[in-house]
Amino acid sequence: MQNMGTGARIPVIDMKGLEGKNEKLMEAWVGVLYDMAAPGALLITSFISLVPLLNKGRSYQKYSKAIHELGMDMGRKLLKGLGLSGDLFDGWPCQLRINKYNYTPEYVGSTGAILHTDPGFLTILQDDEIIGGLEAVHKDTGEYIPVDPMLGSLVVNLGDLAEIWSNGRLWSVKHRVQCYEGTIRVSIALFVLGPKDGALEPPDELVDSEHPRLYNSMNFEDYRMLRITTRSPTGAIEILRIKS
Ligand SMILES: O=C(O)CCC(=O)C(=O)O
Ligand SMILES: [Fe+2]
């Protein structure tokens with residue numbers, strides 16, 4: 001994607017297809033349509049009117065709300081699964097982004113979104129239900145595994161912050177998007193980013209002599225900048241690894 005560092009060969013998010021009166025506004029918020037933590041900051045109402053893909057503001061807001069609630073619920077379930085309790089994502093900034101891949105036949109076989117991990121904690125993806133292309137890297141073999149479209153399903157993956165917070169128990173999966181067919185492809189991603197203030201520390205219960213602390217923590221914004229400045233769409237987590 002345009003904001004995923006160097007190497008993306010196709011301008012996959014092209015807001016020109018979402019033309020409205022104020023092109024400057026669209027450029028400024030390229031791909032970032034809604035910040036659940038600060039909706040006013042993104043001028044959501046004017047933006048909605050520019051989005052023919054979801055041209056009824058109400059359905060867009062309904063979708064945002066429902067997917068946000070699902071994300072919050074997944075945070076509670078994740079904690080429970082690790083034997084902890086509480087409301088993990090309470091008050092965390094989230095972003096909803098539409099990815100539009102301008103595939104045409106000459107791009108078949110090339111890369112739409114370069115290999116990356118998601119920098120935040122959790123991603124819920126409503127992937128294109130017809131055009132495939134998402135590929136995840138197998139943790140042990142390093143093989144690319146196609147994540148084929150499945151009607152009526154969502155794809156959920158964890159990002160770097162989840163791996164750091166869980167002290168390595170959760171895995172930030174590397175993935176990319178290839179062009180399989182020369183047709184426009186669209187996906188909608190909810191990113192649960194990280195806490196608003198401060199760094200996210202692993203809970204005491206997840207650090208002990210058998211599981212020594214693996215990573216230094218960093219707040220989400222600094223971590224995002226580190227990935228950008230080090231041009232590390234997949235590897236910035238290694239910079240935070242505590243040397244044993
Ligand atoms: O479009 C997709 O299938 C995946 C998009 C993605 O990986 C992302 O937005 O981070
Ligand atoms: Fe991603």
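The values are calculated or read from the model by the stated rules, or taken from the named source; none is laboratory data. Quantities reported herein were computed from a predicted structural model and do not represent experimental measurements. Positions of Cβ are backbone-derived with ideal geometry, glycine not excepted, and every protein chain shown enters the neighbour counts.
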Original post:
Do you know which residues across region 185-244 are within 15 Å of the chain's Cα centre (by Cα) and charged (D, E, K, R)?
Top reply: Glu221, Arg224, Arg227
**OP:** Those residues that are modelled with pLDDT under 95 and either surrounded by 16 or more Cβ atoms within 10 Å (Cβ to Cβ) or in a helix (DSSP H, G or I) (or both), I need them from region 135-152; list them, please.
**Re:** Pro149
**OP:** State which residue pairs qualify: first residue more than 16 Å from Gln178 (Cβ to Cβ) and inside region 127-154, second residue polar (S, T, N, Q) and loosely packed, with under 15 Cβ neighbours inside 10 Å in any location, beta carbons under 9 Å apart, and separation of 6 or more residues or different chains.
**Re:** Glu129/Ser153
Original post:
For region 113-132, how many residues are surrounded by 23 or more Cβ atoms within 10 Å (Cβ to Cβ) and more than 15 Å from the chain's Cα centre (by Cα)?
Top reply: 0
